[in-house]
Amino acid sequence: MKKVVLTSIATLFVASPAFAEPSHTSATFPNDEYMLEDYTYTGQATYGNMGVYSGSVNVTADYTNNTYTVTAGTYLPAAGEATATCTAGNFCPGLANPVYYDANNAQGLTSCSTLDGGFTSSDAGATANTDCYKACTTTNVAHSTAVTGNDYYGAGVDTCSATGCENGYHTHSTTQSADLNPTIGTDWGTAYSYLNNGGTDGNGNASTYGLTENNTWATDYGTTKGVLRGRALCSTQSGKGALSNSAATTGDQVTKIDNLTPEFGTGKSCWCQVESYTPYNGGSQSLSGPWVFYDRYADASYCTNRCAESCAGGMNSASTISLIFRNAVLGSVTTSGPAICEPNVITINWTDASADDIAANNAGQCTFGGDIRTPRAAAVKPGKTFRGWKFQKSGN
């Protein structure tokens, strides 16, 4: 019998389940009475904590609502717990107050199709209704017969450009010098991004700024000023700058060169160039500018790995020397606007009129659709009375 009893006890012991011990231990009960996951509250099974001496007691799980901040260019998807980039065809101006989880509705996302006028398109990351657009038509460019580009809603900057014009007109690109220093100002940037020569995304945000090529950079100046994008280049050509071992004290003194040959691998001098400016709530504007000297490094390898970062960071900084560099980059750019249809200038060849009489009334040419000026006087011919000049048109 003893042997049977002992065997039974051993069998029961082996069959008993093993229980894991909670990972955390506390000798006190929480003041707010909320017990946390995976805890042993040592000696705390008391009436004061549980409210019972025997029987059973119910324990209720309690939760707080998480809040989510939705910034411009992003939205909180339905059933989502992380914001996402605003999708094409929509705009996301950001939400003034944090929001809660919603299983059924996206928050902070508005369709461009809600706007009057057919402005149904937008690019990913749109932040305002002025980022919504429709394709340009010939009504957007006077005297055009064919156009490209987009017509943006409201105060958005249109990119409608003529590719063909009515008879009497020709396409003309609107290019003008610009100084972006007053626009960007002297404040620090809010963020910057770059892809170095090896394609490394240094700040992990290259896609946010549309950077896809090596040796490119972007500097963001916030929701009132916009974003600059440009290129970096290492060259054996050195120059004068505002940084170490140089004497430039104003933007005009910084060396600028229109053309440089890329010399990555051998060049130690870092140069920066701006290529586009996207104002807040506006379309991207192409820029042309010189290469601007940043600094000469100790070796070429360091330059190839740091030049794009230096350009972006230098444009981002508001230190005294960086503002000299920024002034040089922004002070001598040209903007390439969309093409318009410009009237042709037509040369008029007058007979029986002296050069002085033609010049006196500026009668040597006219602008199509504009005025025709005749010479001050016609030649006097014996036995003839001047009747007038007549255009010799085709077929006459």
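The values are calculated or read from the model by the stated rules, or taken from the named source; none is laboratory data. Worth saying up front: this structure is predicted, and the values here are computed from it rather than measured. So basically every Cβ, Gly included, is an ideal-geometry build from the backbone, and we count neighbours across all protein chains shown. Surface areas here come from the heavy atoms of the whole protein model, side chains and all, with no ligands, DNA or RNA. Shrake-Rupley method; radii C 1.70, N 1.55, O 1.52, S 1.80 Å.
A compact table of results
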item: Hey, Val274 at pLDDT 90 or above, within 20 Å of the chain's Cα centre (by Cα) and not in a helix (DSSP H, G or I) or not; result: yes
item: Odd one out for Phe325 among (1) open to solvent by less than 40 Å² (accessible area, probe 1.4 Å); (2) more than 24 Å from Thr223 (Cα to Cα); result: (2)
item: Any pair with Cβ under 6 angstrom, 6 or more apart, that starts in the stretch 246-266 at a residue that is part of a loop (DSSP other than H, G, I, E, B) and among the hydrophobic types (A, V, I, L, M, F, W, C) and ends at one that is modelled with pLDDT under 80 and open to solvent by less than 90 Å² (accessible area, probe 1.4 Å); result: Val254/Ala248
item: Tally of residues being under 22 Å from Pro382 (Cβ atoms) and touching a helix residue (DSSP H, G or I) at 6+ places or on another chain (Cβ under 7 Å) across the stretch 349-369; result: 1
item: Residue in the stretch 239-247 that is touching a Phe, Trp or Tyr at 6+ places or on another chain (Cβ under 7 Å) and open to solvent by 40 Å² or more (accessible area, probe 1.4 Å) present; result: yes
item: Residue within the stretch 37-54 that is aliphatic (A, V, I, L, M), exposed (fewer than 12 other Cβ atoms within 10 Å of the Cβ), out of contact with any Lys or Arg (no Cβ under 7 Å at 6 or more places or on another chain) and modelled with pLDDT under 95 present; result: no
item: Residue match in the stretch 202-218 (condition: assigned to a strand (DSSP E or B), within 29 Å of Gly73 (Cα to Cα) and of a type in the set (Asp, Glu)); result: no
item: Criterion (modelled with pLDDT under 90, of a type in the set (Gly, Ala, Ser) and over 11 Å from the mean Cα position of the chain (by Cα)) met by exactly one of Gly226, Gly210, Gly199; result: Gly199
item: Matching residues in the stretch 57-85 - criterion: being modelled with pLDDT of 95 or more, within 17 Å of Asn129 (Cα to Cα) and hydrophobic (A, V, I, L, M, F, W, C); result: Val70
item: Of all residues making up the stretch 68-104, the number that are loosely packed, with under 14 Cβ neighbours inside 10 Å and in a loop (DSSP other than H, G, I, E, B); result: 11
item: Close pairs (8 angstrom Cβ cut-off, 6 or more residues apart or separate chains): modelled with pLDDT under 95 in the stretch 96-119, outside any loop (DSSP other than H, G, I, E, B) anywhere; result: none
item: The lone exception for Thr250 - which of (1) open to solvent by 20 Å² or more (accessible area, probe 1.4 Å); (2) more than 18 Å from Gly185 (Cβ to Cβ) it fails; result: (2)
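For (1) surrounded by fewer than 17 Cβ atoms within 10 Å (Cβ to Cβ); (2) closer than 30 Å to Gly198 by Cα; (3) in contact with a strand residue (DSSP E or B) (Cβ under 8 Å, 6 or more places away or on another chain), each residue gets a yes or a no:
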position: Phe293; (1), (2), (3): no, yes, yes
position: Arg306; (1), (2), (3): no, yes, yes
position: Ala312; (1), (2), (3): no, yes, yes
position: Val329; (1), (2), (3): no, yes, yes
position: Ala355; (1), (2), (3): yes, no, no
position: Ile372; (1), (2), (3): yes, no, yes
